[in-house]
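In what follows, a single structure is set out as structure tokens and then discussed.
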Amino acid sequence: MNLGQVEHNTRAKSFFNPVLTVNQTLGDPHVIRTTRKDVYGNPITTFYMYTTAHWGIGCYSSHDLVNWTAVGTSGPNQWCYDQLYDQRCLGTHFFWAPAITETANGEFVMFVSSTMDEKDGFNDARLRVAKSCRPDGGFKFVNTLVTDRAFIDPFYMQVIDSQCNTRHFLYFATMADFDVPKEHGPAGIYAAELSDDLSRFISAPMYLFGPNTHPESWVTQGVNEAPWVLQLSATDFIMVYSGNLFNASNYGLGYAVSTTGPLGPYRKAVENPILKNAAGVVSPGHNSFVTDDEGQLWCVYHVDNPDASKKEARMVALDRAHVWHENRQFGIAIRGPTVGKQQAPKIVC
């Protein structure tokens, strides 16, 4: 039996939520899939999950999306500050919602919001870019994308448009109705086009929608954040987003659809929210999506600890999702939140 067979045989067959609980917060999980070859030439799949953490940015690895291990031999705190990034440029406080992508040439690009001053909070949050030759550290500061406006929760997407051109977009949010000055723009979701090297914006941030311009009865706290976009065709897109404050009891997920391209206009779904509180599950939201080897779409999201004394110690959960089509309409549904036993994702190699 070679190494590849050992990895395959040790993958989980079933699981219960949450799949990851530590003594620190695990907010805003962003999962990517990488494939490398072992010493025998066998392909080995490794998932990396990046999280907002008390100490900065957390990173965990897994071969099955169920069993996760903290990256870094000296613990997550040292990994973040000593190996992941240069604080002097990338920020010193409030590292929110890191989003990582692997480029065609094997480079890893991180988008993250951070501040230079602990006292300013959201008001000083800036979108920044860092790059590395590996997924588990070594990220070096490249650029601050916007220097005069406060944005958080970046999500990167490569888009193939109707002319078969490859374009790059970053989606993000602002909390304008809270700590951020009104002149930074209305609260909600924005997008901008990126350069081919993913290091700078080539268009100004464009407002897409928000809780005030596109109100919903379930969003009572004036927050739409944490966008994640799925491309179905050259024109059809689904954007999943979170509503309300992350630590509120009514935090959850909604979605909006566009039939005219990545910048919309987006129309919010009438069935929102598609993920909300349930028995034993508090404040599910801020998700990412990943697909297993049977084509099953999985939603990875954080939940609050139901123990009120540990509310900030957010945990990570995993549930099935599916995109549906009916009568020329389309949307997305999530089969959760769950706490019972279910079959694990199918990962072949």
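The values are calculated or read from the model by the stated rules, or taken from the named source; none is laboratory data. What you see is a predicted model, and the numbers here were worked out from it, not measured in a lab. Heads up, the Cβs are rebuilt from the backbone with ideal geometry, glycines too, and the neighbour counts pull from every protein chain shown. Areas reflect the complete protein model, heavy atoms only, side chains present, ligands, DNA and RNA absent. Shrake-Rupley method; radii C 1.70, N 1.55, O 1.52, S 1.80 Å.
If I ask for residues that are in contact (Cβ under 8 Å) with a residue 60 or more places away in the chain, within 26 Å of Ala269 (Cβ to Cβ) and surrounded by fewer than 17 Cβ atoms within 10 Å (Cβ to Cβ), which ones from the range 300-328 would you list?
Result: Val323, single match.
When the residues of the range 252-264 are filtered to those that are outside any strand (DSSP E or B) and in contact (Cβ under 8 Å) with a residue 40 or more places away in the chain, which remaining residue is farthest from Met157 (Cα to Cα)?
Residue satisfying both the conditions and the ranking: Gly264.
For every residue, the table says whether it meets (1) at pLDDT below 95; (2) open to solvent by less than 10 Å² (accessible area, probe 1.4 Å).
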position	(1), (2)
Tyr156	no, no
Asp161	yes, no
Asn165	yes, no
Phe169	no, yes
Phe178	yes, no
Tyr190	no, yes
Asp196	no, no
Ser203	no, no
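Considering only residues of the range 102-140 that are surrounded by fewer than 18 Cβ atoms within 10 Å (Cβ to Cβ) and assigned to a strand (DSSP E or B), which is modelled with the highest pLDDT?
Glu102
Could you check Gly222 against (1) modelled with pLDDT of 95 or more; (2) open to solvent by less than 30 Å² (accessible area, probe 1.4 Å); (3) part of a loop (DSSP other than H, G, I, E, B); (4) of a type outside the set (S, T, N, Q) and say which number it fails?
Unmet condition: (1).
Give me the residue from the range 283-332 that is farther than 15 Å from Trp228 by Cα, part of a strand (DSSP E or B) and polar (S, T, N, Q) and, out of that set, nearest to the chain's Cα centre (by Cα).
Result: Ser283.
Table: residues versus (1) under 21 Å from Phe155 (Cβ atoms); (2) at pLDDT 95 or above.
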site	(1), (2)
Asp236	yes, yes
Val240	yes, yes
Leu245	yes, no
Asn250	no, no
Val282	no, no
His286	yes, yes
Cys299	yes, yes
Asp304	no, no
Ser309	no, no
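Output the qualifying pairs, or none if there are none: Cβ atoms under 9 angstrom, residues six or more apart or on different chains, first residue in the range 200-219 and under 19 Å from Val112 (Cα atoms), second residue open to solvent by 40 Å² or more (accessible area, probe 1.4 Å) and outside any loop (DSSP other than H, G, I, E, B).
Note: pairs meeting the criteria are Arg200/Val142; Arg200/Asn143.
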